[in-house]
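Read the structure below first, then the notes.
The values are calculated or read from the model by the stated rules, or taken from the named source; none is laboratory data. Predicted model, so just to flag it, every value in this text is computed and none were measured. Please note: Cβ atoms are built from the backbone with ideal geometry, for glycine as well, and neighbour counts cover all protein chains shown.
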Amino acid sequence: MYNSVKIIIGLIIFVGLMAYPIWSSVGRPGPAPELVLTEKAKAAKVCIEETPWMKESHMQLLDDWRNKVVREKERLYTNNEGRAYNMSLTNTCLDCHSNKETFCDRCHDYTSVRPYCWDCHNVPKGTNDGQRP
Amino acid sequence: MLEKAIFVQSRRYWAWVLALLVVIGAAFATWYWQYSVGLTITGMSRDVSWGFYIAQFTFLVGVAASAVMLVLPYYLHNYKVFGRITILGEFLAVAAVTMCMLFIVTDLGRPDRGLNVMLHPTPNSVLFWDFVVLSGYLLLNILVGWVVLTAERKEVAPPKWIKPFIYLSIPWAVSIHTVTAFLYAGLPGRGYWLTAIMAARFLSSAFAAGPAFLVILCLVLRKLTRFDAGKEAIQTLGTIVTYAIMLNVFFFFLEVFTVGYSQIPEHLDHFKYLFFGLHGHDAYVPWMWSSFILAFAAIGALLSRKARRREGVLALGCGLVFVATWIDKGLGMIAGGFTPNPLHEVYEYVPTPPELLISLGVWAMGLLILTVLYRIAVSVKREVEA
Amino acid sequence: MMDKDRRSFLKLAGFCALGVGAKPVTDALAGSGQSPYSSKPRALEAKRWGMVVDVKKCQEKIAKDQCRDCIAACHITHNVPEIEGAKEEIKWIWQTPYEHAFPGQVDEFAQLTGTPFMVLCNHCDNPPCVRVCPTKATFKREDGVVMMDFHRCIGCRYCMAACPFGARSFNFQDPRPFIKEVRTEFPTRMRGVVEKCNFCAERLAEGLQPACVEACKEKALIFGDLEDPDSDVRRALRGKYAIRRKTYLGTRPSVLYLV
């Protein structure tokens, strides 16, 4: 390789710059998002499914729900314990988790995720927001 | 071969490219505004829900299909005269189809969901098939053009396996415009479009507009570079344009007779609106009559072979044909189909300045692609002939 | 590059094909549990939902006090924005004179000319809008309702071109600023999607009648299963003369007008 010294030094600088976010925060992770549960959510104790599963898969659940409700006319979801729920983001999920800013947005902002659900689906009590342009 | 369009010394070339990029930049900014705010910045309405963008798309599909007018005589009938310029037709097709696709993107309400057309294929929808045939045609022309040009550069015969693709591009070209016509011709509620001759009219105006544009491009290339398509090739293209525009005008008269003699309001009222105005709305009347007169003027200029032999007259005639067919397809067809609406109400559509600027940007993008591709083609030919 | 001979290539291809074919089999074997999804027990079912408009009752009420109860109920229930002007207005149900509702059947001697008719999506049995939608965002349900999946719509507006009744509206911009009072139980739509009457599918699923039908104090809007001889709609039609819009186009509308 011609000019190998210059190239290797350049590569090291480049990788160092690009990896800055990783090596600068080793051992000092940022604060995890703090989720606030409403009184109603606390009283219900458990969500539609177990909390770890919900954390991992609520996006998939909502995606399945929207197809089932709109396209296949099925609006009742029965979980493993036999409890039945109306499949609706606004009327079921947000009924308990009506504090979008201190619940949903906390994790979404932290992970830089911008679901466009809010462009159409309303938050109860008239909190109006559309995050997308 | 791309380096032939990048390492260019000519000042004129870079001035042209820069001008195009400026237009494209301004148009892109306007389009981003449209994406943020919505299609409200266009002149489209609840009644005229397709407008300038789709009209440009329709016109350009025709221009793209016209590459077949070079490929067919050369490959199927051994018309050697077109051998030097089939590449120009193929590259024009690439630029035109790209413009078509860009116009679709600018017209969509939710372009961010455009992938749904591929994720949920719907064979009963003509729009699905339009997407399929246009994408296929784009790939075909890129493949054929590039491979044949590379072979020419290396001064060998093109590889045998490219022949089936070339033969495929012939019916495929006809199909892209037929399918685009089917978008309109199968809608029960739109009397202006519900006619079997829609596809035939589309093809005849395509084979007039496309070769007309090619004639002008060949004359421009001869002026700006030292590439000469050859007098006979240009004359043959001129003959094709003449027959095609006469056929197109004839088909138009067939339509006029059917609606005018049967006098069924659902079909006649759209012609009335375009040519005479309806309920006081008459924005399109001067345009449609101009298109009509220009088409006749073009036929007048091009009819005599002696007149066509004078390249000034030929260029004028081809320019008239291009403008006349553009007004017919790129302006009158869409608005005329939607006005009056299915409830027989008239709400007139006129494009807005932002809409026109975005459209200009897409045209500039197509011209940029055309410039780059033609630059490559002409440089290769010059290199070989040296 | 590929030094393999034909035999070893075919062997490799065969293994790959087996591998690709394995997943559907294991999926089928694994997913044999019960689906957690079902319809609500009180949901209304039908073979073909339809509506009958008692034109005389409706026109008498309109003449009395410019009644717009059905329009108000529909548009408020579904968060339909109020945008002024024919350019971008969104309407799911509206009033129009006879000669606009039935343009092919204009008759200067008819007493109906000039009188107001309620028009909406006809939920056709042979809908051209469904035929043209490239993503199946507009689709026909088994119970006859022509539904819109707002999540999937790409806003190409082909369905608007295809509809022979002008029943569809487009969101040219964000509708939320134009909605006076958002009803949170039903979503709004976003800019760039097409919308239209959905025969209150979400109410039918709860065992309720459509909002317009419920709101009409004169009971001029009758809703029911057109294929059930004992339904409200069929009983309303018995022995009477009813017309539909543009039947000659073969779309088979499900909205009938008792004239």
Legend entry - the stretch C:106-140, subset surrounded by fewer than 18 Cβ atoms within 10 Å (Cβ to Cβ) and in contact (Cβ under 8 Å) with a residue 24 or more places away in the chain, residue nearest to C:G250 (Cα to Cα): C:N126
Legend entry - Top-ranked residue of the stretch B:326-354 - restricted to ones that are within 12 Å of another protein chain (Cβ to nearest Cβ) and over 15 Å from B:H267 (Cα atoms), ranked as surrounded by the most Cβ atoms within 10 Å (Cβ to Cβ): B:Y349
Legend entry - Sole residue being basic (K, R), more than 30 Å from B:L316 (Cβ to Cβ) and in contact with a Phe, Trp or Tyr (Cβ under 8 Å, 6 or more places away or on another chain), chosen from B:R153, B:R190: B:R190
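Tell me the residue from B:Y53, B:Y32, B:Y75 that is more than 14 Å from every other protein chain (Cβ to nearest Cβ), hydroxyl-bearing (S, T, Y) and either at negative phi or over 20 Å from the mean Cα position of the chain (by Cα) (or both), please.
None of the others qualify; the one that does is B:Y75.
Can you find a residue in the stretch B:225-237 that is under 15 Å from B:A295 (Cα atoms), assigned to a helix (DSSP H, G or I), in contact with a helix residue (DSSP H, G or I) (Cβ under 9 Å, 6 or more places away or on another chain) and in contact (Cβ under 8 Å) with a residue 24 or more places away in the chain? I'd like the intermediate steps shown before the answer.
We begin by selecting, within the stretch B:225-237, every residue under 15 Å from B:A295 (Cα atoms); these are none.
Taking every residue of the stretch B:225-237 in turn, none turns out to be under 15 Å from B:A295 (Cα atoms), assigned to a helix (DSSP H, G or I), in contact with a helix residue (DSSP H, G or I) (Cβ under 9 Å, 6 or more places away or on another chain) and in contact (Cβ under 8 Å) with a residue 24 or more places away in the chain.
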Legend entry - Among (1) in contact (Cβ under 8 Å) with a residue 12 or more places away in the chain; (2) more than 14 Å from chain B (Cβ to nearest Cβ); (3) among the charged types (D, E, K, R) - the single one C:D230 does not satisfy: (1)
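Go over the candidates B:V259, B:V313 one by one and state the one that is surrounded by fewer than 20 Cβ atoms within 10 Å (Cβ to Cβ) and either part of a loop (DSSP other than H, G, I, E, B) or away from every other protein chain (no Cβ under 14 Å) (or both). Break it down into steps so the answer makes sense when it comes.
On the way: B:V259 fails: surrounded by fewer than 20 Cβ atoms within 10 Å (Cβ to Cβ).
Unique residue meeting the criteria: B:V313.
Which of the helices (runs of 4 or more DSSP H) contained wholly in the stretch A:16-133 include at least 3 residues that are among the acidic types (D, E)?
Details: elements: A:20-23, A:39-44, A:51-72, A:104-110.
Because the criterion is at least 3 residues that are among the acidic types (D, E), the helices (runs of 4 or more DSSP H) in the stretch A:16-133 that meet it are A:51-72.
So that you can scan it fast, the table gives a plain yes or no per residue for (1) touching an Asp or Glu at 6+ places or on another chain (Cβ under 7 Å); (2) surrounded by 18 or more Cβ atoms within 10 Å (Cβ to Cβ):
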{"residue": "A:M59", "(1), (2)": "no, no"}
{"residue": "A:T78", "(1), (2)": "no, no"}
{"residue": "A:M87", "(1), (2)": "no, yes"}
{"residue": "A:N91", "(1), (2)": "yes, no"}
Inset, instruction - Tell me the helices (runs of 4 or more DSSP H) entirely within the stretch B:1-82 that contain at least 2 residues that are basic (K, R). - result: B:11-37
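Each row is one residue, and each column tells you yes or no for (1) crowded, with 16+ Cβ neighbours inside 10 Å; (2) aliphatic (A, V, I, L, M).
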residue: C:R189; (1), (2): yes, no
residue: C:E214; (1), (2): yes, no
residue: C:G224; (1), (2): yes, no
residue: C:D232; (1), (2): yes, no
residue: C:R235; (1), (2): no, no
residue: C:A242; (1), (2): yes, yes
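Among C:G114, C:G166, C:G155, which is at pLDDT below 95 and either farther than 30 Å from C:Q59 by Cα or of a type outside the set (S, T, N, Q) (or both)? Can you show your working first?
Details: C:G166 fails: at pLDDT below 95; C:G155 fails: at pLDDT below 95.
After ruling out the rest, the residue left standing is C:G114.
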Legend entry - Scan of the stretch C:208-221 for residues that are in contact with a strand residue (DSSP E or B) (Cβ under 7 Å, 6 or more places away or on another chain) and not in a loop (DSSP other than H, G, I, E, B), ordered by number: C:C212, C:V213, C:L221
Inset, instruction - Just give me the residues in the stretch C:90-135 being over 23 Å from A:E74 (Cβ atoms), within 11 Å of another protein chain (Cβ to nearest Cβ), among the aliphatic types (A, V, I, L, M) and out of contact with any Asp or Glu (no Cβ under 6 Å at 6 or more places or on another chain), in sequence order. - result: C:I90, C:A101, C:V119, C:V132
Legend entry - Within the stretch C:136-149, considering residues that are farther than 20 Å from C:W94 by Cα and not in a loop (DSSP other than H, G, I, E, B), the one nearest to the other protein chains (Cβ to nearest Cβ): C:F139
Inset, instruction - Determine which single condition A:K40 fails, assuming it passes every other condition in (1) under 30 Å from C:R203 (Cβ atoms); (2) free of Cβ contacts under 8 Å to residues at least 24 places away in the same chain; (3) among the basic types (K, R). - result: (2)
Inset, instruction - Could you tell me whether any residue of the stretch C:67-78 is farther than 26 Å from C:T247 by Cα, among the β-branched types (V, I, T) and away from every other protein chain (no Cβ under 11 Å)? - result: yes
Inset, instruction - Test B:A151 against the criterion of being surrounded by fewer than 20 Cβ atoms within 10 Å (Cβ to Cβ), more than 24 Å from the chain's Cα centre (by Cα) and part of a helix (DSSP H, G or I), and give yes or no. - result: yes
Legend entry - Per-region count, the stretch C:150-207, residues more than 7 Å from every other protein chain (Cβ to nearest Cβ), touching a helix residue (DSSP H, G or I) at 6+ places or on another chain (Cβ under 9 Å) and not in a loop (DSSP other than H, G, I, E, B): 5
